[in-house]
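Contents: one structure, followed by commentary.
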Amino acid sequence: MTAAVTAPANPRLPAAARRYWPLAAVLVLVPLGLLLAGRGTWPASLSVDLSGPLGSASDWIVDNRDSHPLFLYFFGHVSNAVVLSVRGVYLVLLAAGWAGVTAAAGLVAWRVAGPRLGVTAVAAFAVCGLLGMWVPTMQTLALMVVAVAASVALGAVLGLAAGLSDRTYRALRPVLDTMQVLPAFAYLLPVVLVFGIGVPAAVLATVVYAAPPMARLTALGLRAADPGVLEASASLGATGRQRLLTARLPLARKELLLGVNQSIMMALSMAVIASVIGAGGLGDRVYQALASVDVGAALAAGIPIVLLAVVLDRTATGNSPDSGPAARAWLAAGAAVIAAAVAGRLAGALTWPEAWHVDIAEPVNRAVDWMTAHLYSGVPVVGGTADWAAHFTGWVLDPVRDGLQALPWWALLLLVGALALLVGTWRTALTAVAAMAAIGVLGVWDASLDTLSQVLAAVAVTLVLGFGVAVAAARSARLERALRPVLDVFQTMPQFVYLIPVVALFGVGRAPAVAAAVVYALPAVVRITTQGLRGVDPVALESARSLGATGWQQLRQVQLPLARPALLLAVNQAVVLVLAVVIIGGLVGGGALGYDVVFGLAQGDLATGLVAGAAIVCLGLMLDRVTQPTGKEA
């Protein structure tokens, strides 16, 4: 008889201990650190003052802008080409008159996306005229045409190079990542320094902002081409150029169209922001109206921006079945546009008649006055919006900001590293800690923690509201259908327009800045979460029902776990979109980094603006690493 020999048991830590040991280590290390190192904000000796070199660079550019050959023979010609292009498109639009432009918009939308969108496009341009915004709309449209054409051309060239060359793709990827994370306002500072205030700076900043999506999607489409098709093409003796023209580009058509669509949407949002540096048009009207707290005028200029975005978005993604020979149909459409333009000129009505204007500013301002008088403060039981803003500031924003700023800098780095390690790998943790430390090195530690407190509060409110609405929409098809057009409008609305109702209801301050961020990020969270919950395997849900699970149990134990990837994506998008509104929030009293960027832009202070923009990028990188599982958790 032989005794059974068993291998000695390998002692293992409990699962909870293996998972949460980074947090336990922080709990041990922080008290020790407090005893040994004490408290304190980021030490000045570890900061690097960039104001000197950046100020010197700024002074050199200003001193040599009118005499150095680089500006005279390169930037000067670029600036002139942009001005001539925008002016040429604007003159063509004016020459076509309101009848010609409206007919062209309707017929192009009809040919590309069907009669329904054609009617929508005609109605949208008519509303622009009725609101008295015809000329600003044409100015914005002219700038958009030039900026989108340049963005698509530049993005297509970069995407083509990245799609055909692995080395170029690896080199361009971090550049495109940085360009897409960098706040839109940060683009304005160096461009203004080189080109000055005006249309060239606005167009070029828009091109830099809108070209990356086109480059990325073009590269994605070319690199994802079916290898079998490419092999078949090569076996027939096609050259590299022939394979590109006959196989790769046709197979990448969907990604190319999506890239054009994304470039249009980003260019439109940037064209509005660029009004701060002299782009003119609708964005300038919104900006001026907000500056004078004229909500009615701001809304009158904001509505055409939304309508332009909706029409351009639907037209760029339209795929109407062709009902006849394309060339003949386009010729007929062109003839109809010319006839409408000639008829308008003969009638002497090139611009929208003033007699047809509808003034909405006054009734809107009366409504705002009523809201201010009845909702702003003193509402029985629930209080007013100003009371809500004050309570939110006092009960949430101030404690979170004070708590973050009271933490020793090394404790905050430890906490960030532990959270990143909890959901990712050592590399993730090092990246998050390095991003946070870079903020201290830049010398904007306290301002960044103030911004971080607003971002955390806005993300939390967005996720609570977004998950609640999405759960309801996922369980009710009728509610989802009712929400769809609302979400479409909110997702195509430029950031500036969100400030209009926020300022009207909450005034200015940090709470209104958070409210604007929540309104901007909420639609994306609702849409992504709803799709994730609706995409859960029906068999798993049916199994849960057959076992007698209640609706709450199905949600908590089946839907939410299975929809985890979508929920994580929703969290990521909430963080990215809230950060995108940080600088906009600076315009309504958000302060901190957003105010620094706006101040740097207004004062031509390159160092202040760029350092604040870089700190916002670091915050985004850190938040991305501590909220998105990678490696072992992915």
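Evaluation of GLY324 against the conditions (1) modelled with pLDDT under 80; (2) open to solvent by 80 Å² or more (accessible area, probe 1.4 Å) shows that the sole unmet condition is (2).
Residues are listed down the side, and each one gets a yes or a no for (1) within 36 Å of the chain's Cα centre (by Cα); (2) modelled with pLDDT under 80:
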| position | (1), (2) |
| --- | --- |
| ALA333 | yes, yes |
| ALA347 | no, yes |
| TRP370 | yes, no |
| ALA373 | yes, yes |
| VAL382 | yes, yes |
| ALA386 | yes, yes |
| HIS391 | yes, no |
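Residues that are more than 30 Å from ALA438 (Cα to Cα) and among the aliphatic types (A, V, I, L, M) number at least 1 in the following helices (runs of 4 or more DSSP H) confined to the range 547-620: 564-580.
Quick check: anything in the range 567-581 over 29 Å from LEU413 (Cβ atoms) and either buried (at least 22 other Cβ atoms within 10 Å of the Cβ) or among the small types (Gly, Ala, Ser) (or both)? Checked the range 567-581: no residue is over 29 Å from LEU413 (Cβ atoms) and either buried (at least 22 other Cβ atoms within 10 Å of the Cβ) or among the small types (Gly, Ala, Ser) (or both).
Rundown of residues vs (1) buried (at least 17 other Cβ atoms within 10 Å of the Cβ); (2) over 30 Å from LEU404 (Cβ atoms), yes/no style:
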| site | (1), (2) |
| --- | --- |
| SER47 | no, no |
| VAL62 | no, yes |
| SER67 | no, yes |
| ALA96 | yes, yes |
| ALA99 | yes, yes |
| THR120 | yes, yes |
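Looking at ASP177, is it acidic (Asp, Glu), modelled with pLDDT of 80 or more and open to solvent by 60 Å² or more (accessible area, probe 1.4 Å)? The answer is no for ASP177.
From the list ARG564, ARG534, which residue is of a type in the set (Lys, Arg) and more than 18 Å from SER476 (Cβ to Cβ)?
On the way: ARG534 fails: more than 18 Å from SER476 (Cβ to Cβ).
It is ARG564.
So that you can scan it fast, the table gives a plain yes or no per residue for (1) in the same structural domain as ARG510 (by the TED database); (2) open to solvent by 40 Å² or more (accessible area, probe 1.4 Å):
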site: TRP370; (1), (2): yes, yes
site: PRO380; (1), (2): no, yes
site: HIS391; (1), (2): yes, yes
site: VAL396; (1), (2): yes, yes
site: VAL400; (1), (2): yes, yes
site: GLY403; (1), (2): yes, no
site: ALA406; (1), (2): yes, yes
site: TRP409; (1), (2): yes, yes
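Determine, yes or no, whether ALA215 is under 19 Å from LEU188 (Cβ atoms) and in contact (Cβ under 8 Å) with a residue 40 or more places away in the chain.
Details: under 19 Å from LEU188 (Cβ atoms): no; in contact (Cβ under 8 Å) with a residue 40 or more places away in the chain: yes.
Against the criterion (under 19 Å from LEU188 (Cβ atoms) and in contact (Cβ under 8 Å) with a residue 40 or more places away in the chain), ALA215 does not qualify.
From the list THR246, THR218, exactly one residue is buried (at least 16 other Cβ atoms within 10 Å of the Cβ) and of a type in the set (S, T, N, Q). Which is it? Can you show your working first?
On the way: THR246 fails: buried (at least 16 other Cβ atoms within 10 Å of the Cβ).
Testing whether each residue is buried (at least 16 other Cβ atoms within 10 Å of the Cβ) and of a type in the set (S, T, N, Q) leaves just THR218.
Looking for something free of Cβ contacts under 8 Å to residues at least 40 places away in the same chain, open to solvent by 60 Å² or more (accessible area, probe 1.4 Å) and over 29 Å from the mean Cα position of the chain (by Cα) - is there at least one such residue anywhere in the range 417-428? Yes, some residue in the range 417-428 is free of Cβ contacts under 8 Å to residues at least 40 places away in the same chain, open to solvent by 60 Å² or more (accessible area, probe 1.4 Å) and over 29 Å from the mean Cα position of the chain (by Cα). Looking at the range 533-544, is at least one residue part of a helix (DSSP H, G or I), assigned by the TED database to the domain that holds LEU465 and surrounded by 22 or more Cβ atoms within 10 Å (Cβ to Cβ)? No.
The values are calculated or read from the model by the stated rules, or taken from the named source; none is laboratory data. From a predicted model like this one, the values you see are computed outputs, not experimental measurements. Neighbour counts run over all protein chains shown; Cβ positions are idealised from the backbone, glycine included. When the accessible area is computed, the model is the full protein with side chains, heavy atoms only, and any ligands, DNA or RNA have been set aside. Shrake-Rupley method; radii C 1.70, N 1.55, O 1.52, S 1.80 Å.
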